[in-house]
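Read the structure below first, then the notes.
Throughout, read-outs are computed from the coordinates displayed, never taken from laboratory work. For clarity, every value in this text was computed on a predicted model and none was experimentally measured. Here the Cβ positions follow ideal geometry from the backbone for every residue, glycine too, while neighbour counts run over all protein chains shown.
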Amino acid sequence: MRRLFVERIEPRMALTKEQSHYLRSVLRLESGAEVEVFDGRGARHRALLEGDLLRLGGPLPAAPPRALDVLLVQALAKGEKMDLIVQKATELGAARIVPLASERAVVKLSAGAARLQRWRRIAQEAARQSGRADVPRIDQPCRFDEVLRILREQPERQGLILDPREKSLRLSAAARGLSQVLLAVGPEGGFSPAEIETAQGGGMIPVALGPLTLRTETASLAALAVLLHIHGDLG
């Protein structure tokens with residue numbers, strides 16, 4: 001069944017110009033066609049296409065809860081790299097994405113409202129494509145002290161930070177048995193020694209992915225795949 005993201009699920013939902021174009025021109029659906037609508041907060045319903053409206057049908061079963069809740073803290077990356085990370089992190093089940101202005105990131109903190117809205121649209125589309133009923137929350141870009149504040153407010157969430165200098169503890173070992181994780185991924189070249197020290201002071205654990213040097217977008221996706229695999233949701 002074709003899927004469509006809607007801001008609110010209501011008995012009758014007027015289609016936006018973009019939604020109507022997608023259903024009518026891209027998918028070439030006609031009146032009477034059945035689609036699935038989801039609101040990004042977990043609700044899923046059947047709906048019938050009627051002209052430029054959708055008429056609500058019955059609810060669809062809720063997706064089973066994920067074994068691991070992952071908050072991804074991602075050092076800001078240039079242009080399309082960040083778009084790719086948001087897209088693939090959504091497909092790989094991240095519950096929340098926090099863009100981070102790190103010492104070595106070449107992207108400025110002021111990403112702007114337009115860029116944030118772009119990331120959110122990318123996440124909505126990735127959720128639609130991958131079958132998710134929820135869309136990850138995407139925060140305004142922040143600095144490291146905000147990341148540590150998140151951990152203080154969520155003591156049940158363990159912070160893990162990728163560190164290419166870490167030689168003994170792998171991500172796969174550190175994440176076993178956890179149900180909530182904050183995973184921080186650095187920019188090209190990794191986090192600075194001072195940032196790693198700050199993270200450790202806030203209770204975060206430095207971990208390694210392996211012996212290879214990965215680009216930041218590759219490291220994020222590889223780390224999320226590892227987390228999914230060890231908790232039984234991938235592979």
Seminar exercise, completed: Residues other than Arg44 with Cβ under 9 Å of its Cβ, Lys/Arg counted +1 and Asp/Glu -1, net out at 0
Problem set entry | Semi-axis lengths, Å, region 3-59, gyration tensor of Cα atoms, sqrt of 5 times eigenvalues | 17, 12, 10
Exercise. Can you pull out the trypsin sites (Lys or Arg not before Pro) in region 1-45 that DSSP calls coil and that have at most 11 other Cβ atoms within 10 Å?
Worked result: Arg8, Arg28
Seminar exercise, completed: A correct Stokes-Einstein calculation for the chain, using the alpha-carbon Kirkwood radius, 4 °C and 1.567 mPa s, returns a whole-number D in µm² s⁻¹ of 68 µm²/s
Problem set entry | Pairwise FRET efficiency - Ser25 versus Arg66, Cβ, R0 = 45 Å, nearest 0.05 | 0.85
Problem set entry | Nonlocal amide H pairs with Phe191, under 5 Å, H built at 1.01 Å | Gly186
Problem set entry | Helix-only [θ]222 nm of the chain, DSSP H runs n ≥ 4, -39500 (n - 2.57) each, per residue, nearest 500 | -9000 deg cm²/dmol
For this session: Show which aspartates and glutamates lie in cross-link reach of Lys88 when reach means a straight Cα distance below 19 angstrom and same-chain residues fewer than eight apart are skipped.
Result: Asp69, Glu80, Glu125, Asp134, Asp139, Glu188, Glu217, Asp233
Exercise. Rounded to the nearest 0.05, what FRET efficiency is calculated for Arg55 and Ile205 with R0 set to 41 Å and r the Cβ-Cβ distance?
Worked result: 0.20
Seminar exercise, completed: Counting sequence-distant residues (5 or more places) and residues on other chains, those with an amide H built under 5 Å from that of Arg44 are Leu60
For this session: Return one number: the angle in degrees, 0 to 90 and rounded to the nearest 10, between the long axis of the Cα atoms of helix 113-130 and the longest principal axis of the Cα atoms of the chain.
Result: 70 degrees
Exercise. Debye sum, Cα scatterers, region 19-87, no solvent: what log₁₀ I/I(0) at q = 0.14, 0.15, 0.22 1/Å?
Worked result: -0.69, -0.75, -0.93
